[in-house]
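Inspection log for the structure reproduced underneath, given as structure tokens.
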Amino acid sequence: MPTVLGIETSCDETAVAVVRDRRVLATVVASQHELHEEYGGVVPEIASRAHVERIIPVLRAALARAAVSANQIAAVAVGHRPGLIGSLLVGVSAAKALAWSLGVPLVGVDHVHAHLAAGLLAPQGEVDPPQLDGLFPALGLVVSGGHTSLYRVASPIELQRLGATIDDALGEAFDKAATILGLPHPGGPALEALASSASARADARDFPVARLGHGSLDFSFSGLKTAMLYAVRGLPEPSGAMPRRASDLSNSARADLAASFQRAAVRAVRIKLDRATDHLVAQGEAPCALLAGGGVVANRSLRAALADFAEQRRMRLIVPPMSLCVDNAAMIAGLGAELLAAGRTSALSLAPVPTTAL
Ligand code: KG4
Ligand code: ZN
């Protein structure tokens, strides 16, 4: 397979990577977390301006680390959807300029689909990427800050969405729960760390696990988030004021809440994985593997639940290493290479789109 350069700027990470034969030659990610921390969330205008400042240095760094010259690049892949429109625009503009100046194809990649393909890559230093023989059809799970979706995966480029969250994404729920607990943004990893404290009891509180309709493959996490809000702050008074603050709780009480939240969140995912598998089996398409991706797959408790699920359902488990779970450009280049091989390139009129393709 040819050498593909990937560009990712959909949210608050400026990333460029170079991939060849499903091997990551270089992956560079410039995170903007420190720019957004004081606001407790990503500020779109700040994000797009930071992408403009960082994209060229990150591009140069990736090419240097890969020890590849620009004229060895066979195609430029870019995450053009979904994301913050101003942020996407920076990556798409850079990718178009690079593809045009090198005279190589441009490949628009859906960021959510790319999360699923991340596990098919061999990270730097690893010997071989996973074998694709006998992997498909697979069940796909993306759990990130913006998306929580299940897919039937016939191949990395043939996906059918089976279900998605009807409100908050799982990562968003982790982040909001962390904010309620007084933890710094982005809160997912901080909540996991608190939940892993030695004293934390995951059964301290019975948080709600939304199942939705009978057989539904959709997710809902807003009830879980609200349950955390009331557990920490108390029920709102008629005036709307809330009786407590996170700082009124002891550290061990906060750790109990974090662990209980994590348990309910993981259980909700497990229930839908089982339902989706039953659904596919009933259609005569028993999945051979679970492909999982997205930032929340970095969570050890969720990773353990995915491993348990795959073992019980006798499926192969494909999860990316931690560095390829959160936003990166290697996954964009990896899926871009598959699309390129199938002839699915984009015109230079490619436009950023805020939503995911289904
Ligand atoms: O995939 P990603 O980097 O960006 C999006 O496409 O949204 O995912 C970021 C999300 C954030 O919500 C972050 O808090 C969450 O992934 N996350 C975690 C962990 N690491 C990252 N959530 C729970 N536990 C973690 N260890
Ligand atoms: Zn993402």
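The values are calculated or read from the model by the stated rules, or taken from the named source; none is laboratory data. Not measured: the values here are computed from a predicted model. All Cβ positions, glycine included, derive from the backbone under ideal geometry; neighbour counts span all protein chains shown.
Of everything listed in (1) under 30 Å from Glu53 (Cα atoms); (2) touching a Gly at 6+ places or on another chain (Cβ under 8 Å); (3) not charged (D, E, K, R), the single unmet condition for Leu84 is (2).
Quick grid of which residues meet (1) touching a Pro at 6+ places or on another chain (Cβ under 7 Å); (2) at pLDDT 95 or above:
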position	(1), (2)
Val112	yes, yes
Glu126	no, no
Ala138	yes, yes
Val142	no, yes
Ile157	no, yes
Arg161	no, yes
Thr165	no, yes
Phe174	no, yes
Ile180	no, yes
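Can you say whether Ala202 is touching a Pro at 6+ places or on another chain (Cβ under 9 Å), surrounded by fewer than 22 Cβ atoms within 10 Å (Cβ to Cβ), at pLDDT 95 or above and not charged (D, E, K, R), as far as the supplied structure shows? The answer is no for Ala202. If I filter the range 93-102 for residues that are of a type in the set (S, T, N, Q), more than 15 Å from Pro354 (Cα to Cα) and part of a helix (DSSP H, G or I), do I get at least one hit? Yes, the range 93-102 contains at least one residue that is of a type in the set (S, T, N, Q), more than 15 Å from Pro354 (Cα to Cα) and part of a helix (DSSP H, G or I).
Cβ-Cβ contacts under 7 Å between residues 6 or more apart (or on different chains), taken from a first residue in the range 254-277 that is over 16 Å from Val297 (Cα atoms) to a second residue that is at pLDDT below 95 and in a helix (DSSP H, G or I), are listed as Arg254/Ala246.
Candidates in the range 315-353 are the residues that are touching a Cys at 6+ places or on another chain (Cβ under 9 Å) and over 18 Å from Arg22 (Cβ atoms); of these, the one that is surrounded by the fewest Cβ atoms within 10 Å (Cβ to Cβ) is Met315.
Filtered by the rule that a residue be hydroxyl-bearing (Ser, Thr, Tyr) and touching a Lys or Arg at 6+ places or on another chain (Cβ under 9 Å), the range 12-31 gives Thr14, Thr27.
Applying the set (1) of a type in the set (Gly, Ala, Ser); (2) away from ligand 1 (no atom under 16 Å from the Cβ); (3) more than 23 Å from Arg161 (Cβ to Cβ) to Ala138 leaves exactly one unmet item: (3).
Among the residues of the range 4-17, are any within 18 Å of Ala341 (Cβ to Cβ), under 19 Å from the mean Cα position of the chain (by Cα) and away from ligand 1 (no atom under 12 Å from the Cβ)? Within the range 4-17 (the criterion being within 18 Å of Ala341 (Cβ to Cβ), under 19 Å from the mean Cα position of the chain (by Cα) and away from ligand 1 (no atom under 12 Å from the Cβ)), the answer is yes, since at least one residue qualifies.
Yes or no: the range 107-122 includes at least one residue that is away from ligand 1 (no atom under 16 Å from the Cβ) and more than 21 Å from Val353 (Cα to Cα). Yes - at least one qualifying residue is present in the range 107-122.
Report whether or not Val29 is closer than 28 Å to Ala169 by Cβ and touching a helix residue (DSSP H, G or I) at 6+ places or on another chain (Cβ under 9 Å). Yes, satisfied. Across the range 309-337, the qualifying residues are those that are outside any loop (DSSP other than H, G, I, E, B) and polar (S, T, N, Q), and the one among them that is nearest to Pro129 (Cα to Cα) is Ser323. Within the bounds of the range 248-269, is there any residue that is in a loop (DSSP other than H, G, I, E, B) and more than 19 Å from Glu172 (Cβ to Cβ)? Scanning the range 248-269 turns up at least one residue that is in a loop (DSSP other than H, G, I, E, B) and more than 19 Å from Glu172 (Cβ to Cβ). The test for being over 27 Å from Leu335 (Cα atoms), surrounded by 21 or more Cβ atoms within 10 Å (Cβ to Cβ), aliphatic (A, V, I, L, M) and out of contact with any strand residue (DSSP E or B) (no Cβ under 6 Å at 6 or more places or on another chain) does not hold for Ala253.
Condition (residue is in contact with an Asp or Glu (Cβ under 6 Å, 6 or more places away or on another chain), surrounded by fewer than 17 Cβ atoms within 10 Å (Cβ to Cβ) and of a type in the set (S, T, N, Q)) applied to the range 61-71: is it met by at least one residue? Within the range 61-71, not a single residue is in contact with an Asp or Glu (Cβ under 6 Å, 6 or more places away or on another chain), surrounded by fewer than 17 Cβ atoms within 10 Å (Cβ to Cβ) and of a type in the set (S, T, N, Q). Just one of the numbered conditions (1) within 16 Å of ligand 1 (Cβ to nearest atom); (2) crowded, with 24+ Cβ neighbours inside 10 Å; (3) not small (Gly, Ala, Ser) is not true of Leu84: (2). Go through Ile7, Ile46 for me and flag whichever is modelled with pLDDT of 85 or more and over 27 Å from Pro105 (Cα atoms). Ile46 is the lone residue from the list that is modelled with pLDDT of 85 or more and over 27 Å from Pro105 (Cα atoms). Of all residues in the range 301-358, those that are modelled with pLDDT under 95, touching a strand residue (DSSP E or B) at 6+ places or on another chain (Cβ under 9 Å) and more than 12 Å from ligand 1 (Cβ to nearest atom) total 4.
The residue that is nearest to ligand 2 (Cβ to nearest atom), counting only those in the range 283-303 that are among the small types (Gly, Ala, Ser) and within 13 Å of Arg152 (Cα to Cα), is Ala292.
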